[in-house]
Amino acid sequence: MQENNLNRAERLRPIVIEVAGEPQGVVVPAEGGYKFVAVKLPAFAMDGQHFPSIETAHLAVSRAVADDQAA
């Protein structure tokens, strides 16, 4: 029983999204994909958004941070 809980915890572990070596937030598994949770101001525009994959989340956050820095 406990092993099942450990496997579940491993699957639900947040994955850090970095842009230029700086952590901007994490993605956590959500229905049908991943939910982004921002931890740095440049990425707050993306907070709470859902993505089908980690890669699409990373790309979207990277663009948002670049747009924030350009402004």
- Residues (touching a strand residue (DSSP E or B) at 6+ places or on another chain (Cβ under 7 Å) and of a type in the set (Ser, Thr, Tyr)) located in the range 16-57: Tyr34, Ser53
- Item | Close pairs from the range 10-35: first over 9 Å from His50 (Cα atoms), partner part of a strand (DSSP E or B) and of a type in the set (Lys, Arg), Cβ under 6 Å, at least 6 apart | Val28/Lys35
- Message: Among the residues in the range 38-50, are any acidic (Asp, Glu) and surrounded by 12 or more Cβ atoms within 10 Å (Cβ to Cβ)?
- Response: yes
- Task: Please enumerate the residues belonging to the range 52-64 that are over 9 Å from the mean Cα position of the chain (by Cα) and not acidic (Asp, Glu).
- Result: Pro52, Ser53, Thr56, Leu59, Ala60, Ser62, Arg63, Ala64
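Every number here is computed from the coordinates shown, using simple stated rules; none is lab data. Predicted model, so just to flag it, every value in this text is computed and none were measured. FYI the Cβ positions are ideal-geometry reconstructions off the backbone, even for glycines, and counts take in every protein chain you see.
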